């Protein structure tokens, strides 16, 4: 019995010793490299998508082939297809594929005028359902096609691979889908959406919003995250609760986002009757469609807002033959691109897992300001109104003084009629407009108009990324 006790004691001593060694190794950082190592799975996924689906020309069979690849990835990750609560299934064989047909405008070269033609494309959508029966839908999406066969001014093929816009977003969204596939107990449903026909006025997003039957809680958009000098998270032209929440996450984790500028450089003012008759780069994606429908949105993208182009150092590449994987790697480097993909992915994942807080902040969104468009406009209108009141007050004072003088200047110290209590026989006590002997003094109405400025300031900050283990096969 004694010998057995000694053996047991030795075993406990060994276990204790091993435990101490392990704790010591952890505390001294022996395993730190394994815990913080940044892999290149996202980058490899990005490169493979560029290489294998160079031509994803929208409205063609090649676009659909790229869509089928994305469909298979969503299926492998456990996302479900359309189940009757959203758009109607057009294909029982490929239920993740939501086909749509629309009309697009093009220039008729024979008449040099505008013509319209039918256009077919597809959205690829997978759903992660909440346990809540009445859950709303959080949509996370990006465009997946391109215009590979587009031509330059001389009608020469550009063979635009759209590696920057939007293969980088596709790889990032696949990484987000993988991370969220293991997250449970969300208060809302999640839709991972790859939109088709993005170049044609965001037709894919338009058709999704129009045909979707489930109430949409909010939308997170990814676009061109791999390039540009800075990474931005744009919410809206007024402060929002979800913007404040996400800015806090950016600050907490030190993600490398740049603060959205107050002067967003409005690039176009439209008169087509849209709710938001202006355009800037923050609205240059499918998030515009959701915002226009009154749905709170986030647009994550790469750009340089201060110089009004993608980069201060490099020429713009979107829509050119230089938007290729090779060019992007040459200019930005593998490490920089991988850092961008991870940063965008980690921000979205950490935002979604805030769950209740995110849902609450999105529910607070108020779209009633759209007639004013921004805080800058609010103050412009406010100060304009104050200015108008001041001007009217001054004008009124001047006119009142003139009318008083015209009425005979009732100076009690010099006017004998008032001193003697006499009345002017020709005076009319009801004549308040300066009408005497059938004559009327004309009063000029003075108005004031001010231009409306549409600018605002959001928050963002710092740099950092975390670990990632996304692996996407099939290349």
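Only the coordinates and a few stated rules stand behind these numbers; no lab work does. Because the structure is a prediction, the values reported are computed rather than measured. Note that we place each Cβ from the backbone using ideal geometry, even for glycine, and neighbour counts take in every protein chain shown.
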**Prompt:** What ranking do 96-103, 180-187 get when scored by the average of other Cβ atoms within 10 Å per residue, highest first?
**Reply:** 96-103, 180-187
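With a cut-off of 8 Å between alpha carbons and a minimum separation of six or more residues, what is the relative contact order of segment 131-264 in percent?
32 percent
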**Message:** For a test of the definition: using alpha carbon positions, the gyration tensor, and the 1.5 limit on a/c, classify segment 203-290 as rounded, prolate or oblate.
**Reply:** oblate
**Fill in**
Scoring segment 139-216 by relative contact order with C-alpha pairs under 8 Å, at least six apart, yields a percentage of 37 percent
**Protection proxy ranking, peptides 41-48, 238-245, 394-401, 72-79, average beta carbon neighbours within 10 Å, highest first** = 41-48, 238-245, 72-79, 394-401
**Request:** Using a 10 Å cut-off on Cβ atoms, rank the peptides 331-343, 224-236, 290-302 from the highest mean neighbour count down.
**Result:** 224-236, 290-302, 331-343
